[in-house]
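Undergrad: Okay, here's the structure, questions in a sec.
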Amino acid sequence: MIKKPITIQIPSGLEARPVALLVQVASQYDSRIHVEVEGKRVNAKSIMGMMTLGLETGEKITVEAEGSDEEAAMKDIEKYLSTH
């Protein structure tokens, strides 16, 4: 299992479209992937779950990936959240 703090750098925060794209990135992997912020933990492959977090630019989250492709999953998720 990999657990990593990431700061969201998407200019618009995680509104509907960026959340959908994040879910697409996470869904490419077999690993279980969760996002945690302020005690709330949701499945990163769930659009509804991710929308409930209401994440904004500059917010710090913890991403957790566990499975056979966890390293690749973490790399892509971090890249998505840090560069858009």
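The values are calculated or read from the model by the stated rules, or taken from the named source; none is laboratory data. For clarity, every value in this text was computed on a predicted model and none was experimentally measured. Every residue, glycine among them, receives a Cβ derived from its backbone with ideal geometry; neighbour counts consider all protein chains shown.
Undergrad: Quickly run through region 45-79 and pick out the residues that are in a helix (DSSP H, G or I) and either of a type in the set (K, R) or without any contact (Cβ under 8 Å) to a residue 60 or more places away in the chain (or both).
TA: Across region 45-79, the qualifying residues are I47, M48, G49, M50, M51, T52, L53, A72, A73, K75, D76, K79.
Undergrad: Right, another one. Determine whether S27 is surrounded by 16 or more Cβ atoms within 10 Å (Cβ to Cβ), at pLDDT 95 or above and among the hydroxyl-bearing types (S, T, Y).
TA: No, not satisfied.
Undergrad: Moving on. Among D69, D76, which is touching a Phe, Trp or Tyr at 6+ places or on another chain (Cβ under 7 Å) and either among the charged types (D, E, K, R) or under 12 Å from I6 (Cβ atoms) (or both)?
TA: Values: D76 fails: touching a Phe, Trp or Tyr at 6+ places or on another chain (Cβ under 7 Å).
Being touching a Phe, Trp or Tyr at 6+ places or on another chain (Cβ under 7 Å) and either among the charged types (D, E, K, R) or under 12 Å from I6 (Cβ atoms) (or both) holds for just one of D69, D76, which is D69.
Undergrad: Scan region 1-17 for residues that are of a type in the set (A, V, I, L, M, F, W, C) and either surrounded by 13 or more Cβ atoms within 10 Å (Cβ to Cβ) or modelled with pLDDT under 95 (or both) and jot them down.
TA: Going residue by residue through region 1-17, those that are of a type in the set (A, V, I, L, M, F, W, C) are 1-2, 6, 8, 10, 14, 16.
Listed by number, the residues that qualify are I2, I6, I8, I10, L14, A16.
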